[in-house]
Amino acid sequence: MKKFLPILLILSLGISMTGCGKTDNVSNQGGTPETKKATEAAQSTETGGVVDLKMWVHVTDETDEGKVYAERVAAFNEAHDNINVSVEFIPRAGGGSGYEDKINTAVTTNQLPDIITLDGPNAAAYVDSGIIAPIGDYISKESLDDYLPSIIEQGTVNGQLYGLGAMESTVGLYYNEDILNKYGIKPGSMDNIWTWDDLLAAGEKITKGENYPALEVQFNWTGEWKIYAFAPFVWSNGGNVISEDGLTAAGIFNSQENAEALGFIKKLVDGGIATATPEENSFHLGKSAFMLNGPWAMPDLEKNYPDIKWAVMPYPVSSKTKELHVPTGSWQFAATSQSKHVAEAAQVVEWMTNTESVVAMTNAIGMPPARKSAVEFLPAYQEGARKVMLDQLAQGGHARPVSPIYPVVSRNFEEAIDAVIYGEDPQTVLNQKVQVIEREAKRKK
Amino acid sequence: MEMKKLFGKYKLKETLLAYAFLAPALIFMLIFIVAPIIASLSFSFTDYYLLKPNEIDFIGLENFKYILEDNLVWLSFLNTFKFIIMVIPLQVGTALGLALLINKKIKFNLFFKVSFFSPVVMSLVVMSILWMVLLNPQSGLINAVLTSLGFEKQPFLTSTTQALPTIVVASAWQGAGYQMMIFLAGLKNIPEMLYEAAGIDGANKWKQFLYITLPSLRNVTVFVMITTLIGAFKLIIQPMVMTSGGPKNSTLTIVYYIFQTGVRYRNVGYASAITLIFTLIVTVFVMMQRRFLKEED
């Protein structure tokens, strides 16, 4: 008997290995959608006429955002006898990619839930890979019209609506009223939006007078920030980042308009108005007169820096076109293609972004509401700095490009901005980067 | 005949038993080392896109052609080599120095031993964040010390030329404690009588170090250098946390770029191809290093 034991062990090893090989083969060859559906495990189930839906969100249930999701799902389940939604909270650990890693794995093993959350710019790649399903048909036109245009733009791929968000985000030009008064400079407003030249002129004057960079702008933040915050310069100047289908960059990414927009950034740095490595909180401390930042900076300013008199004016526009384009983007909800109940899932997506949900979300984390109807329940957004943020979103919100090769586009945009900040010529840099994007696009065409 | 048969049977039994004992380790090795290597090897000839696991096509040498055109691959290799050239002398030298220090019988020896070793047990991410706080160009402690001594403020991680050397110093500081323990073990193995004999012959401390300590530590040094080299090739956490590979890709290392290609750009096939090239280069380097260090024997 003793000598059989090793043989058994080796045999079992062999079997387990071939087992691995087989499942690999199945997933490699894919198989028809029917067989895929048959093998799905984490999918919704129907029991006694009640549709069970599973939803994944990208935060833990201890965060303010997670608490709102939990509350709103509970409210949904109470209001719907025939649908029961259960949420799984998945933190974005590991450089923020933990949640996306989980989605990637679930795609490979056909274990996606019915509803997922996704970051705005991921929509195109998820559609391209058949992960999310169109939901536009399940949502009334009346409801759709209530969302900010940038929310619809962000969730639309190839003319079809796939995702909806509960909150928006943007970047405004914060200014220190005392410093502006000292130099006799009149701030801009929604009726009189500052152009790049206005900002350069004021910046130059204050930088010289205070002997300190007048504009705090986070040129040292890395990752998605650069395309999020600075692509509007390009759009405002009449340029674009990539073609409509997201696969042509030549002549678009390296256009003269874009070179001029990056030239504006270069002027800010060359003139010493902004630096590649701004001192942290230099606006909060009253050293810088201006700051380009999002609404998330407001609670900190209000709570911890009560001595600073600050307000917000709209994002500066190109002196050439004077067209307002402002950063936008947020996480959104979408129904997955693997779900057997897309109609019900779409209902959940709408519920999670309805007026009540939007109000709850804004109250919890302070981000601008995604629905126009929510504003009447949000006094903070009816006046002052927050109203400016909301107004500029409604008028000039511009979603980031929709492209299956978005990560490469975003990276090269960031690299171009970095190169310009560190002194290189905008047009030369753009010409170099466009080749990288084109090469990547070639693989997708 | 009879004997041979018996012997053969005995041998088979022995062999099988040996495999049985090896089986637990072998199974794990197959699943977690061999299988991924084979998978990655075969993916490098495909267009595997992370989100389309059902549409993997064989594309021959396309990925490798693409590597030739991809400046970032070569830039990240170059950065990795720069890092290696700087970090090996610094880290091995520091480790040896620390080992010599705590090898002396002085007061609070244990305290120093623990302090020198503690960075090793610390999480790389935590360590990187602590260094970032210290190195902050405006409000960091290091620049405060520099300015109080009359030096100019340094940009450190925000400069294209200083970022990589800064990461070298942080990494050497973090890693040296481990190699210090290995050196210390080597030092303890040198017989005391060698030093006594040399002392009687009139060799001073420096000569003793040069002609007794260093030659005795030869094998230990080879081992330390090879492990440091392999560790240095795998550099990813520090640039990921401290600089995100910037500014201007000056701290983009090859493993970090492979990670970005596979996870952020989702091109698993292409990332596998770079990994294959990377593995070949590391293998060649380790073999060269062993050869080079052995020949002097």
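Read the figures in this text as sums done on the coordinates, not as results from a lab. Everything numeric in this text was worked out from a predicted model, so none of it was measured. Glycine gets a Cβ as well: all are built from the backbone with ideal geometry, and neighbour counts include every protein chain shown.
For A:M313, the residues whose modelled amide H falls within less than 5 Å of its own, excluding neighbours fewer than 5 places apart on the same chain, are A:L173, A:Y174, A:Y175.
With the helix formula -39500 (n - 2.57) applied to DSSP H stretches of n ≥ 4, chain A reaches a computed 222 nm mean residue ellipticity of -14000 deg cm²/dmol. Of all the options B:Q91, B:Q162, B:Q138, the one that moves most in a Gaussian network model of chain B with Cα springs shorter than 10 angstrom is B:Q138.
Taking other Cβ atoms within 10 Å as a rough exposure proxy, A:W225, B:W206, B:W131 sort from fewest to most as B:W206, A:W225, B:W131.
Average projection, convex hull of the Cα set of chain A: 27.2 square nanometres.
Dividing the convex hull volume of the alpha-carbon atoms in the protein assembly as shown by its residue count gives 241 Å³ per residue. For A:W235, the shell of other residues with beta-carbons less than 14 Å away shows a net charge of -2, using +1 for Lys and Arg and -1 for Asp and Glu.
With the largest listed first and rounded to whole Å, the semi-axes of the equivalent ellipsoid of region B:164-223 from the Cα gyration tensor are 29, 13, 9. What fraction of the Cα pairs in region A:266-348, stated in percent, has a spacing above 16 angstrom? Distances greater than 16 Å cover 70 percent of the Cα pairs. For A:V157, the residues whose amide H sits under 5 Å from its own are A:Y162, ignoring neighbours fewer than 5 places away on the same chain, with H placed 1.01 Å from N. In summary, region B:195-238 shows an alpha-carbon radius of gyration equal to 1.76 times the 2.2 N^0.38 Å reference for compact globular proteins.
First obtain the Kirkwood hydrodynamic radius of region B:255-297 from its Cα pairs, then insert it into the Stokes-Einstein equation at 10 °C and 1.306 mPa s, and state the resulting D in µm² per second as a whole number. The estimated diffusion coefficient comes to 136 µm²/s. Taking the number of Cβ atoms within 10 Å of each Cβ as an exposure proxy, the fewest-first ranking of A:H80, A:H58 is A:H80, A:H58.
Look at the Cα gyration tensor of chain B: its axes a ≥ b ≥ c give a/c of at least 1.5 with a/b at or below b/c, and that counts as oblate.
Each Lys or Arg adds one and each Asp or Glu takes one away; over the other residues whose Cβ falls under 13 Å from the Cβ of A:I308, this sums to -3.
Fraction of C-alpha pairs exceeding 17 angstrom in region B:1-141: 83 percent, rounded to a whole number. The phi-based Karplus calculation (6.51 cos²θ - 1.76 cosθ + 1.60; θ = phi - 60°) puts the 3J(HN,Hα) values of region A:195-211 at 8, 4, 5, 4, 5, 4, 5, 4, x, 4, 4, 6, 4, 5, x, 8, 6 Hz, whole numbers, x for Gly and Pro.
Once backbone amide H atoms are built at 1.01 Å from N, A:I132 has A:V127, A:S337 as its partners under 5 Å, excluding neighbours fewer than 5 places away on the same chain. For the residue pairs A:K387/A:K444; A:K54/A:K442; A:K182/B:K248; A:K67/A:K141, the C-alpha atoms sit more than 32 angstrom apart in A:K387/A:K444; A:K54/A:K442; A:K182/B:K248. Take every pair of alpha-carbon atoms less than 8 Å apart whose residues are at least six positions apart; their mean separation over the length of region A:335-419 yields a relative contact order of 14 percent.
The mean of 1/r over all pairs of different alpha-carbon atoms in region B:190-276, once inverted, gives a Kirkwood hydrodynamic radius of 16.6 Å.
Summing +1 for each Lys or Arg and -1 for each Asp or Glu among the other residues whose beta-carbon sits under 15 angstrom from that of B:F111 gives +4. Work out, in µm²/s and without decimals, the Stokes-Einstein translational diffusion coefficient of region B:93-252 at 20 °C, 1.002 mPa s, Rh from Kirkwood over C-alpha pairs. The Stokes-Einstein estimate is 120 µm²/s.
For the residues of B:45-54, the average number of beta carbons from a partner chain within 10 Å of their own beta carbon is 6. In whole angstrom, note down how far apart the Cα centers of region A:289-319 and region B:111-127 are. Between the Cα centre of region A:289-319 and that of region B:111-127, the gap is 41 Å.
For A:K309, the aspartates and glutamates whose Cα comes closer than 19 Å to its Cα, not counting residues fewer than 8 places off in the same chain, are A:E177, A:D178, A:E210, A:E216, A:E280, A:D300, A:E383. Sorting the segments A:197-203, B:217-223, A:112-118 by their mean number of nearby beta carbons within 10 angstrom, highest to lowest, gives A:112-118, A:197-203, B:217-223.
Both radii were evaluated on the Cα set of region A:52-204; the Rg over Rh quotient, with Rh as the Kirkwood radius, amounts to 1.11. The HN-Hα couplings worked out from phi for region B:49-59 by the Karplus form 6.51 cos²θ - 1.76 cosθ + 1.60 (θ = phi - 60°) are 10, 3, 8, 10, x, 9, 10, 9, 10, 6, 10 Hz, whole numbers, x standing for Gly and Pro. Judged by the mean number of other Cβ atoms found within 10 Å, the most tightly packed of the peptides A:258-268, A:314-324 leads the ranking A:258-268, A:314-324. Using Cα centres only, tell me the gap between region B:39-61 and region B:224-251 in whole Å. One Cα centre to the other: 27 Å. For chain B, the relative contact order comes to 29 percent (Cα pairs under 8 Å, sequence separation of at least 6).
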